[in-house]
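Written below as structure tokens is the structure these notes are about.
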């Protein structure tokens with residue numbers, strides 16, 4: 001329950017002192033894969049609705065389509081995480097520079 005309260009306080013933090021994306025990235029990735037799977041099933045069903053031959057073709061091609069889009073979803077999520085980690089490292093670097101300036 002305490003985690004949920006912290007999540008809600010982070011969600012409605014208008015100063016953006018904490019980021020929510022790194023905390024929900026797994027959920028976003030799952031939703032993305034689910035949407036890709038639904039889209040792939042839609043491609044298969046639309047192929048069969050246009051004819052048996054096209055349906056079989058889409059059935060064979062759809063795993064390749066799924067893999068391509070799943071890779072795109074994964075890479076986009078990884079880019080988001082990398083951007084947040086860069087921001088965190090830059091913040092740590094700024095703190096180290098400020099600490100070294102005050103020691104001189």
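Taken together, the criteria place residue 56 among residues that are farther than 24 Å from residue 79 by Cα and either surrounded by 13 or more Cβ atoms within 10 Å (Cβ to Cβ) or in contact (Cβ under 8 Å) with a residue 60 or more places away in the chain (or both).
Of the residues making up the stretch 64-74, those that are surrounded by 12 or more Cβ atoms within 10 Å (Cβ to Cβ), free of Cβ contacts under 8 Å to residues at least 24 places away in the same chain and over 15 Å from the mean Cα position of the chain (by Cα) number 1. Only one of the listed residues (4, 16) is on the phi > 0 side of the Ramachandran plot and either loosely packed, with under 12 Cβ neighbours inside 10 Å or at pLDDT 80 or above (or both). That residue is 16. Which one is farthest from residue 83 (Cα to Cα), of the residues in the stretch 19-44 that are at pLDDT below 95 and loosely packed, with under 12 Cβ neighbours inside 10 Å? Only one residue fits best here, namely 27.
None of 93, 76 is modelled with pLDDT under 95 and assigned to a helix (DSSP H, G or I) except 93.
The values are calculated or read from the model by the stated rules, or taken from the named source; none is laboratory data. All figures in this text were calculated on a predicted structure; none of them were measured in a lab. Note that each Cβ is placed from the backbone with ideal geometry, even for glycine, and that neighbours are counted across all protein chains shown.
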